[in-house]
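Colleague: Handing you a structure now.
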Amino acid sequence: MTEALRDPCPEKTRSDLEYGRVLEALAARCVSDMGKALARELPFAATRGETRLLRDEASEAAALLENAEPLPLVSLGDVSGSLGRVGAAGVLAPLEIRELGKALEAARALRRFLGARRSRMPALHAACTTDPTLDGLADEVAAAFDPDGTLADRASPRLKELRGEFHAARQRMLSRLDDLMSKYEGILQDRFVTEREGRYVVPVRSDAHERFPGIVHATSASGATLFVEPRAVIPMGNRLKVLEAEVQREEQAIYAKLSDRIGESLPSVVAAVDALARADVRAATARLAHDLRLSFPDITDEARLELHQARHPLLLLDSAEHGGSGEIQWDTVVPSDLAIGARRAMVVSGPNAGGKTVALKTMGLVALMVRAGLPVPCADGSVVGIFDVVLTDVGDDQSLTKSLSTFSAHVRNLSRILDDTGPGTLVLLDELAGGTDPREGEALAAGMLDSLTARGGAVVVTTHYEGLKALALADARFENASMGFDLATMSPTFRLAQGVPGSSSALAVARKFGLPSTVIERAERFLSREDVHFETVVKKLNDERAALELARADAERREREADAVRRELAEELRAAKDREQRHVSREAEALLGSVRRAREELREAQAKLRAKKLDAAAVKEAQMAVDRVAAKVAVGGELDPSSFTAAPPVTPAAAPVKKGARVWVARVRAEADVLEVLPDGAVRVQAGPMKLVVDPAEVRPVTGAESEARRKAAAPAKPGGDPAGLEIAVQTTDNTCDLRGLRTDDALSMAVTFLDRAVNDERRVCFLVHGHGTGALKEAIRRELKSSPYVRYFRAGNPGEGGDGVTIAWLS
């Protein structure tokens, strides 16, 4: 919506709500005279859109302050008068020109600051940006003055020339005066040169002045000294006067030129000055928000207030003064939840000095502060509508000069308020229709509430009238609210509760402040039955409200305790995880040590197997030891014992073997053909080119199916892992043959010899290191291994075993 809004703060409202004190607090936080002036007359937004824009500017300034990057502002004097003289083609004084130059420098710094943060601060950038062409004017003004503020010689060539002549002439005259003082030293009062009436003079004794030729310009207070300009330097003095006048004319010409330059850019200069004042006010707003813990509420076009934990801003300011420390005593101001909407009325009741008027003023000040773009003393989540006008009747407007009694003045204000009330109006009435006959006043108050709400106003009234409290119970447009009163301490709680009426507690307060009990008892007898019944109902409601408050406080306490327990448990959980992590780390270190020891055991077992021939039981025991070690190593995550199986058990032959039979020889872990059976029972067998004599217990017949299965198992494995039943490939110096650098024939011969020796030494795994090269040696080695009867299985090394530059072979 873009329609124009009224001035929300008539003079009566400003006075009743003490809105000027809020603006003074804002002005006190400005750093420039222009910012202070703007803050004291801070304009209200003229449209709903402008209201939101002002809020955005202030919230962006508060965010900058929160991030420790406040707006760059400097202390500036009020230059509005200087700008007015420039607009009237006047010539500015040096101090005025310098102050405007300082303002232009500040505008440049502000423009650059906001330009660098344009994406984060769009509202401030749009409101406070300045004309960049003013930078040249700022440089010109700065160049014309020295740091001490005097006009610089570089301001113009003519000025530099004239000043040079003036200083030279002055030096010549001082030199001449020094000569004269030496000549007439006997009649001088002292030896120095001073000025009188703009002329250079020397002190001559009054009794000897006739012997000193010159013009007397002054005498001392005692008359003992005459200040005489020597006749010999009068022409020099005259020349100095002429040069001084020429210097002053040139300086005035420079000031006029600079004034004209400022005048040429006057609209931009005025806009820059306004931007600085606006930025100063926004920065002051941010500081006020920080000092008073103000927040920026949600703004709605509806004429309503929904304030959470609202505090009166002036009470917050007063708390700093009363606290003595100068800091806001936040906890000394009791917050309340306040809500009102259009065409509705809130009837606030309760004891005197209980805070009813404070709640009333808080709502009015919040509405005005939002229209001015200021944050408000409410908790996050509060909603403030844009009110067209705030109308108030608070306090006593009695006037003897106008023959107005308290009630007459009150009725006159009510009449004005009734005429001005419409949709979008917030009406605040303190002690509505008080000061007259209670029954007639009560009736008048009810009629006013009905009329004001019918006209669309959002109305808040304070009252002691029981009829208004009852009206709020019967009419849906009205709502009761009450200020709490602690009967135990006979003091108000200053906390507002909506939905229930409050008791005025006049008799209780009177008893507390010393009225005799007999007076109180007689007063109670004068109360009507209806009054007593109503007070009883109100007391019951207040007791129930107090119980609910206690229950809510207890629930909040339990919630806080639960939060504390949750935080404590979360901390303990984190600590437990840390301890577990440390424990896992220790376990990992222990496991790594176990893996190292297992590997040592594995090497020892292999060494024993190579050292000597063992019987079947020893071989089986050694094999089991190797498997146990493999299982230990596998726990470390490096090996998988399930991928290995023990060799076929060594068992005695079921029947005597015969020549030509096919048998399994455990010693070489390969099949062999029986060549002959010796007289002592030993068996001579041949496994490939190797022939050996073995004990009958070391061989057993094999079937054709078993031979075929082993032949298939000896074929190269598919990707995904080694075939089951293979020994763990652990490389040592004993089972490694380095073939690198040899010719292919020599390498093949060495490899075959190494495999023969490995079979004799009962090694099960060999590592043939041939490197990469052209690949010819690698292919020749693998062709030989494929046709070798010793080799059960072979493959290229894994990345951790040497890669394709190594071939690992398992022997039969």
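Colleague: Take Phe192, Phe166, Phe754 and sort them by solvent-accessible surface of the protein heavy atoms, 1.4 Å probe, largest at the top. Walk me through the numbers before you get to the answer.
Modeller: Numbers: Phe192 80, Phe166 40, Phe754 10 Å².
Most to least solvent-accessible, the answer reads Phe192, Phe166, Phe754.
Colleague: Just in segment 94-148: which GluC sites (Glu not before Pro) are loop by DSSP and have at most 10 other Cβ atoms within 10 Å? Let's see the in-between values first.
Modeller: Working: sites: Glu96, Glu99, Glu105, Glu140; in loops: none.
In loop regions of segment 94-148 (DSSP not H, G, I, E or B), there are no sparsely surrounded GluC sites (Glu not before Pro).
Colleague: On a 22 Å Cα-Cα criterion, which of the cross-link pairs Lys102/Lys241; Lys361/Lys469; Lys12/Lys469; Lys160/Lys241; Lys659/Lys691; Lys658/Lys786 come out too long? All intermediate terms of the calculation are to be shown ahead of the outcome.
Modeller: On the way: Lys102/Lys241 33 Å; Lys361/Lys469 20 Å; Lys12/Lys469 27 Å; Lys160/Lys241 17 Å; Lys659/Lys691 14 Å; Lys658/Lys786 30 Å.
From Lys102/Lys241; Lys361/Lys469; Lys12/Lys469; Lys160/Lys241; Lys659/Lys691; Lys658/Lys786, over 22 Å: Lys102/Lys241; Lys12/Lys469; Lys658/Lys786.
Colleague: Charges on Cβ only, +1 for Lys and Arg, -1 for Asp and Glu, centred on the Cα centroid of segment 258-375; of Ala310, Phe296, Ala372, which one is farthest towards the dipole's positive end?
Modeller: Going by the Cα projections, it comes out as Ala310.
Colleague: Ok, one more. Set the Förster distance to 60 Å, then compute FRET efficiency between Gln309 and Thr150 from the Cβ-Cβ distance, nearest 0.05. Can you show the working numbers first?
Modeller: Working: r = 57 Å, r/R0 = 0.95.
So the FRET efficiency works out to roughly 0.55.
Colleague: If you stretched the chain out fully between Ile234 and Phe513, how much longer would it get, using 0.36 nm times the residue separation minus the C-alpha to C-alpha distance?
Modeller: Numbers: separation 279, 0.36 × 279 = 100.44 nm, distance 9.02 nm.
Fully extending the segment from Ile234 to Phe513 adds 91.4 nm.
Colleague: Moving on. Alpha carbon centre of segment 759-776 versus segment 90-151: separation in Å?
Modeller: 85
Colleague: OK, next. Please identify every one of the GluC sites (Glu not before Pro) in segment 1-44 that sits in a loop by DSSP and has no more than 10 other beta carbons within 10 Å of its own beta carbon.
Modeller: Working: sites: Glu3, Glu11, Glu18, Glu24, Glu41; in loops: Glu3, Glu18, Glu41.
Passing sites in segment 1-44 are Glu3, Glu41.
Colleague: Enumerate the residues in segment 247-271 having an amide nitrogen under 20 Å from the point lying 7 Å beyond the Cα of Ala89 toward its Cβ.
Modeller: In segment 247-271, the label zone of Ala89 (backbone N under 20 Å from the point 7 Å along Cα→Cβ) covers 252-268.
Colleague: Compute, for segment 120-235, the length of the dipole vector about the Cα centre, with Cβ point charges of +1 (Lys, Arg) and -1 (Asp, Glu) only. Units Debye, rounded to 20.
Modeller: On the way: 15 positive and 18 negative charges, 82 e Å.
That gives segment 120-235 a dipole magnitude of about 400 debye.
Colleague: Taking amide H positions as placed 1.01 Å from N in the peptide plane, with prolines and chain starts having none, which residues 5 or more places from Ser295, or on another chain, fall under 5 Å of its amide H?
Modeller: Val376, Cys378
Colleague: Let a ≥ b ≥ c be the square roots of the eigenvalues of the Cα gyration tensor of segment 69-127; is it rounded (a/c under 1.5), or, if not, prolate (a/b larger than b/c) or oblate?
Modeller: On the way: a/c = 3.43, a/b = 2.39, b/c = 1.44.
Prolate is the answer for segment 69-127, as a/c is 1.5 or above and a/b outweighs b/c.
Colleague: Between Glu571 and Ser119, what is the FRET efficiency for a Förster distance of 41 Å, r being their Cβ-Cβ separation, to the nearest 0.05?
Modeller: On the way: r = 39 Å, r/R0 = 0.95.
My answer for the efficiency is 0.60.
Colleague: Note the full-extension length gain between Asp7 and Arg412 as 0.36 nm times their separation in residues minus their Cα-Cα distance, in nm to one decimal.
Modeller: Working: separation 405, 0.36 × 405 = 145.80 nm, distance 2.10 nm.
Residue separation times 0.36 nm, minus the Cα-Cα distance, leaves 143.7 nm.
Colleague: Report, in whole Å, the centroid distance computed from the Cα atoms of segment 250-295 and segment 228-247.
Modeller: If you average the Cα positions of each part, the centres end up 44 Å apart.
Colleague: Restrict the search to segment 239-321; then list the trypsin sites (Lys or Arg not before Pro) that DSSP places in a loop and that have at most 10 other Cβ atoms within 10 Å of their Cβ.
Modeller: Numbers: sites: Arg239, Lys241, Arg249, Lys257, Arg261, Arg278, Arg282, Arg287, Arg293, Arg304, Arg311; in loops: Arg293, Arg311.
Loop-located and lightly packed - none at all.
Colleague: A follow-up question, please. In nm, to one decimal, how far is the modelled label at Ala523 from the one at Ala564, with both set 7 Å along Cα→Cβ?
Modeller: Output for this residue pair reads 4.4 nm.
Colleague: Could I have the simple spin-label model distance between Glu302 and Ala143, label points 7 Å from Cα toward Cβ, reported in nm to one decimal?
Modeller: Output for this residue pair reads 6.2 nm.
Colleague: How high is the FRET efficiency from Ala253 to Leu174, r the C-beta distance, R0 25 Å, rounded to 0.05? Spell out each step's value before the answer.
Modeller: On the way: r = 28 Å, r/R0 = 1.13.
Step by step, r from the Cβ atoms, then E = 0.30.
Colleague: Just add up the charged neighbours of Gly101: K/R +1, D/E -1, any other residue whose Cβ is under 10 Å from the Cβ of Gly101. Walk me through the numbers before you get to the answer.
Modeller: Numbers: positive: Arg98, Lys102; negative: Glu96, Glu99, Glu105, Asp139, Glu140.
Within the 10 Å Cβ shell, the charges total -3.
Colleague: Is segment 94-139 best put as rounded, prolate or oblate by its Cα gyration tensor, with a ≥ b ≥ c the root eigenvalues, rounded for a/c under 1.5, and otherwise prolate when a/b is larger than b/c, oblate when not?
Modeller: Details: a/c = 3.24, a/b = 2.58, b/c = 1.25.
Cα axes put segment 94-139 in the prolate bin.
Colleague: Right, something else. Among residues other than Gly422 whose Cβ falls under 14 Å from its Cβ, what is the net charge (Lys/Arg +1, Asp/Glu -1)? Before the final figure, lay out the partial values.
Modeller: Working: positive: Arg6, Arg343, Arg416, Arg455; negative: Glu3, Asp388, Asp419, Asp420.
Local charge sum for Gly422: 0.
Colleague: Please give me the summed charge of the neighbours of Arg293: other residues whose Cβ is under 14 Å from its Cβ, Lys and Arg +1, Asp and Glu -1.
Modeller: Numbers: positive: Arg287, Arg311; negative: Glu66, Asp291, Glu327, Asp331, Asp380.
Net charge in that neighbourhood comes out at -3.
The values are calculated or read from the model by the stated rules, or taken from the named source; none is laboratory data. Model, not experiment: these values are computed from the prediction. Heads up, the Cβs are rebuilt from the backbone with ideal geometry, glycines too, and the neighbour counts pull from every protein chain shown. Heavy atoms of the whole protein, side chains included, go into the accessibility calculation; ligands, DNA and RNA do not. Shrake-Rupley method; radii C 1.70, N 1.55, O 1.52, S 1.80 Å.
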